[in-house]
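Since the structure comes first, as structure tokens, the remarks are kept for the end.
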Amino acid sequence: MKPYEKLLLENKAWAREMVEEDPDYFNRLAHLQTPEFLWIGCSDSRVPANEITGTEPGEIFVHRNIANLVIHTDVNLLSVLDYAVNHLKVNHVIVCGHYGCGGIKAAMGRHDYNQVLNMWLRNIKDVYRLYQQELDSIPDEEARADKLVELNVKEQVLKLAKTSIIQRAWKTRNAPLLHGWVYGLKDGIIKSLFDMPPGSEINPIYAYDDL
Ligand code: CO
């Protein structure tokens, strides 16, 4: 059996199992998508949103990219954010980074990854520059990478709050709450780092005053 064929086989077994447990399972899901959460996580295969939070299909709307970045010109991310916030009306947006993130480590090095990856990692290098003094004072490389993982999550949450999508939702429906989390690959535990409730103060440079 080819590796990908195993996936299709496992899928059939899973679908059968779900229906055995609850004959109405797929019927119900097909007609209902009212997730409470938007998850912005890393593409890393070891950080699957549903599994690590014990949630079922239908509970989390998910966007993943390398190093869980929120980039204000990323049409993909902004479409997901707009749809989740304005149509699904999620009440929580979670940015979840993870220790040992390859994207973060790559951005800390000086290797040329050629064009596109350089462009992507550049956003993380910019976060490093913002906190350079604090980061450079950590002698241990792994500890420094872990710190950048945390600071990167915080910075992405701040970037969410800079969007008119979030600012307008805060004004019109006093939601969503923004969360910055970090997942530990070594122990499976998610640490809550940084929250921004609706109405949190935003640097006036980025605050719209005529929403
Ligand atoms: Co990662």
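Tabulated data
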read-out	value
Segment 60-72, residues that are away from the ligand (no atom under 15 Å from the Cβ) and crowded, with 17+ Cβ neighbours inside 10 Å	60, 61
Within segment 73-106, considering residues that are within 16 Å of the ligand (Cβ to nearest atom) and in a helix (DSSP H, G or I), the one surrounded by the most Cβ atoms within 10 Å (Cβ to Cβ)	104
Residue match in segment 130-140 (condition: open to solvent by 80 Å² or more (accessible area, probe 1.4 Å), under 21 Å from residue 207 (Cβ atoms) and among the hydroxyl-bearing types (Ser, Thr, Tyr))	no
Which numbered condition residue 120 fails, given (1) under 23 Å from residue 195 (Cα atoms); (2) open to solvent by less than 70 Å² (accessible area, probe 1.4 Å)	(1)
Segment 35-52 residues that are more than 20 Å from residue 85 (Cα to Cα), paired with ones that are away from the ligand (no atom under 12 Å from the Cβ) and open to solvent by 10 Å² or more (accessible area, probe 1.4 Å) (beta carbon under 9 Å, 6 or more apart)	52/188; 52/190
Scope segment 154-185; condition of a type outside the set (A, V, I, L, M) and in a strand (DSSP E or B); matching residues	179, 180, 181, 183
Selection count where residues are more than 28 Å from residue 125 (Cβ to Cβ) and either in a strand (DSSP E or B) or modelled with pLDDT of 95 or more (or both), scope segment 24-49	2
Residues of segment 4-48 that turn out to be within 16 Å of the ligand (Cβ to nearest atom) and exposed (fewer than 10 other Cβ atoms within 10 Å of the Cβ), as a count	1
Filter result (under 26 Å from residue 147 (Cα atoms) and among the hydroxyl-bearing types (Ser, Thr, Tyr)) within segment 74-119	99, 113
Residue match in segment 186-196 (condition: assigned to a loop (DSSP other than H, G, I, E, B) and within 12 Å of residue 93 (Cα to Cα))	no
Counted residues, segment 58-67 - those being assigned to a loop (DSSP other than H, G, I, E, B) and in contact with a helix residue (DSSP H, G or I) (Cβ under 6 Å, 6 or more places away or on another chain)	3
Residues within segment 69-128 that are at pLDDT 95 or above and on the phi > 0 side of the Ramachandran plot, tallied	2
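The values are calculated or read from the model by the stated rules, or taken from the named source; none is laboratory data. All of these numbers come straight from a predicted model, not from anything done at the bench. Methodologically, a virtual Cβ is constructed for each residue, glycine included, from the backbone with ideal geometry; neighbour enumeration extends over all protein chains shown. What goes into the accessible areas is simple: the full protein's heavy atoms, side chains included, and nothing from ligands, DNA or RNA. Shrake-Rupley method; radii C 1.70, N 1.55, O 1.52, S 1.80 Å.
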